[in-house]
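Chemist: If you scroll down you'll find the structure; I have some questions about it.
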Amino acid sequence: MRKKRLIIIAYVFLLILLYFVIYILPNLLVSLKSSYAVQYGEIEVSQTASGIIARDENVYTSASSGKTNYLIKEDDLVRVGTKILEVDGSKIDRDEELRKLSKKVKDVSVATGDYTAQYDGLVAYCCDGNESKLRPDKVDQISESTINNIKDGAIVNLKRREVAKKEPVFKIVNRSNWSLVCFLKKQPHIEYSEGSGIKVGIEGASGKSSVIMVIQSAKLDKKSGKIKLVLSSDRYYNGMTSDRRVKVKLVDSVNKGLIIKNTSIIKNKKGQKGVMVKNKVGDYVFKPINVIATDGENSVVANNLFYDKKGKAVDTIVTYDIILTRP
């Protein structure tokens, strides 16, 4: 009798254990997994890097010595023939630093006796000695080491009370032809297409600005293993006449939709991308998704439905769906 009771108890215990393993344990394990509610938002796909500004500019050197009287403000846009300053002709000894600077920029220097602009452009009273080599027509010669070797704070102020003969006195910068060169780590989710426009955030000595630029070229640099990106623009930004090495933020795109973590994305047996969504009875089921864009950590996906390659409508996730963080 006692033996029979023990068999019945063991049988009941086994049934309870099986029920727990089949029905309770899976739900318990799922509930322990991290999940979150899907929200609507936007993702900015961007990269940051150090860049270098290449300008089309000429350095004007004084044909005589003397005390100065400046007529035009820094960064003013002037037309050809505009008089920039006056020099009274009195004798002044040459400055050694400016003499060396004159030699560095001799390929782009213009001797001036009337101190007028020879073409339309922006007036600048600064010079860093790189005006000859860092030009839009020489961007092919710029390497990553060129950017790294540029010394911050090496700009010489050309605006002074007295000037000596052959010293640089001002620059005229072509505002409609300048370039930006930077080297970027290759990102699988970002593609730079030649001829397309891109928003560029630039942080230089004058502060932060943003400007639309055109991708001139995007090529793999064999030495660094990075993408050498060359951009050009005909638009002005505050600091373009004086900035050289700058911090840049390249905004490839800004996309809106449902935001999900990339760790949530899996593939079914057919190779279709999707996520595990909690249904009405508390089970997690596979739901296909359409990824619009990604920043490497999160993705923007379609809301409610999307169309596959065959043009068929596919139901997908919606706002506030609960999905697993790591299925």
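The values are calculated or read from the model by the stated rules, or taken from the named source; none is laboratory data. Worth saying up front: this structure is predicted, and the values here are computed from it rather than measured. Note: ideal-geometry Cβ built from the backbone for every residue, glycine included; neighbour counts use all protein chains shown.
Chemist: Which one of the conditions (1) buried (at least 18 other Cβ atoms within 10 Å of the Cβ); (2) under 30 Å from Val251 (Cβ atoms) does Ile84 fail to meet, given that it meets all the rest?
Modeler: Of (1) buried (at least 18 other Cβ atoms within 10 Å of the Cβ); (2) under 30 Å from Val251 (Cβ atoms), only one is false for Ile84: (2).
Chemist: For Arg326, state whether it is touching a Ser or Thr at 6+ places or on another chain (Cβ under 6 Å), of a type in the set (D, E, K, R) and either in a loop (DSSP other than H, G, I, E, B) or surrounded by 13 or more Cβ atoms within 10 Å (Cβ to Cβ) (or both).
Modeler: Numbers: touching a Ser or Thr at 6+ places or on another chain (Cβ under 6 Å): yes; of a type in the set (D, E, K, R): yes; either in a loop (DSSP other than H, G, I, E, B) or surrounded by 13 or more Cβ atoms within 10 Å (Cβ to Cβ) (or both): yes.
So Arg326 passes the test.
Chemist: Sort out which residues of segment 124-169 are of a type in the set (Val, Ile, Thr) and free of Cβ contacts under 8 Å to residues at least 60 places away in the same chain, and write them in order of number. Full working, then the answer.
Modeler: Just the residues of segment 124-169 that are of a type in the set (Val, Ile, Thr), to begin with: 139, 142, 146-147, 150, 155-156, 163, 169.
Across segment 124-169, the qualifying residue is only Val156.
Chemist: Take the residues in segment 241-282 that are outside any strand (DSSP E or B) and small (Gly, Ala, Ser); name whichever of them is nearest to Ala205 (Cα to Cα).
Modeler: Here is the first cut: in segment 241-282, the residues outside any strand (DSSP E or B) are 241-244, 262-265, 268-272, 279-282.
Filter again for small (Gly, Ala, Ser), leaving 242, 264, 271, 282.
Numbers: Ser242: 8, Ser264: 42, Gly271: 50, Gly282: 56 Å.
The selected residue is Ser242.
Chemist: Could you identify the single residue in Asn262, Asn238, Asn298 that is assigned by TED's automatic domain parsing to the domain that holds Ser209, surrounded by fewer than 19 Cβ atoms within 10 Å (Cβ to Cβ) and within 26 Å of the chain's Cα centre (by Cα)? Please lay out each step first, then the result.
Modeler: Values: Asn262 fails: assigned by TED's automatic domain parsing to the domain that holds Ser209; Asn298 fails: assigned by TED's automatic domain parsing to the domain that holds Ser209.
Testing whether each residue is assigned by TED's automatic domain parsing to the domain that holds Ser209, surrounded by fewer than 19 Cβ atoms within 10 Å (Cβ to Cβ) and within 26 Å of the chain's Cα centre (by Cα) leaves just Asn238.
Chemist: For segment 198-233, give me each residue that is in a loop (DSSP other than H, G, I, E, B) and in contact with a Phe, Trp or Tyr (Cβ under 8 Å, 6 or more places away or on another chain).
Modeler: Asp221, Ser224, Lys226
Chemist: To continue, here is another question. Only one of Ser90, Ser62 is of a type in the set (S, T, N, Q) and surrounded by fewer than 18 Cβ atoms within 10 Å (Cβ to Cβ). Can you tell me which?
Modeler: After ruling out the rest, the residue left standing is Ser90.
Chemist: Quick one: in segment 271-290, which of the residues that are crowded, with 17+ Cβ neighbours inside 10 Å and among the aliphatic types (A, V, I, L, M) is nearest to Glu42 (Cα to Cα)?
Modeler: The qualifying residue nearest to Glu42 (Cα to Cα) is Ile289.
Chemist: Moving on. Just checking, which of Lys166, Lys133 is at pLDDT 90 or above, at positive phi and not aliphatic (A, V, I, L, M)? Show your work before the answer.
Modeler: Values: Lys133 fails: at positive phi.
Result of the check over Lys166, Lys133: Lys166.
Chemist: When segment 301-323 is examined, which residues are found to be under 33 Å from the mean Cα position of the chain (by Cα), surrounded by fewer than 14 Cβ atoms within 10 Å (Cβ to Cβ) and in a loop (DSSP other than H, G, I, E, B)?
Modeler: Passing the criteria: Asn304, Asp308, Lys309, Thr319, Tyr320.
Chemist: Test Asp321 against the criterion of being under 15 Å from Ile259 (Cα atoms), among the charged types (D, E, K, R) and either without any contact (Cβ under 8 Å) to a residue 24 or more places away in the chain or out of contact with any Ser or Thr (no Cβ under 9 Å at 6 or more places or on another chain) (or both), and give yes or no. Spell out the reasoning first.
Modeler: Details: under 15 Å from Ile259 (Cα atoms): yes; among the charged types (D, E, K, R): yes; either without any contact (Cβ under 8 Å) to a residue 24 or more places away in the chain or out of contact with any Ser or Thr (no Cβ under 9 Å at 6 or more places or on another chain) (or both): yes.
Taking the combined requirement at face value, the residue satisfies it.
Chemist: Name the strands (runs of 3 or more DSSP E) wholly inside segment 69-188 in which the number of residues that are more than 20 Å from Glu57 (Cβ to Cβ) and among the aromatic types (Phe, Trp, Tyr) is 1 or more.
Modeler: 168-184
Chemist: Could I ask something else about it? Any residue at all in segment 197-215 that is modelled with pLDDT of 90 or more, basic (Lys, Arg) and touching a helix residue (DSSP H, G or I) at 6+ places or on another chain (Cβ under 9 Å)?
Modeler: Checked against the condition, which is being modelled with pLDDT of 90 or more, basic (Lys, Arg) and touching a helix residue (DSSP H, G or I) at 6+ places or on another chain (Cβ under 9 Å), segment 197-215 yields no hits at all.
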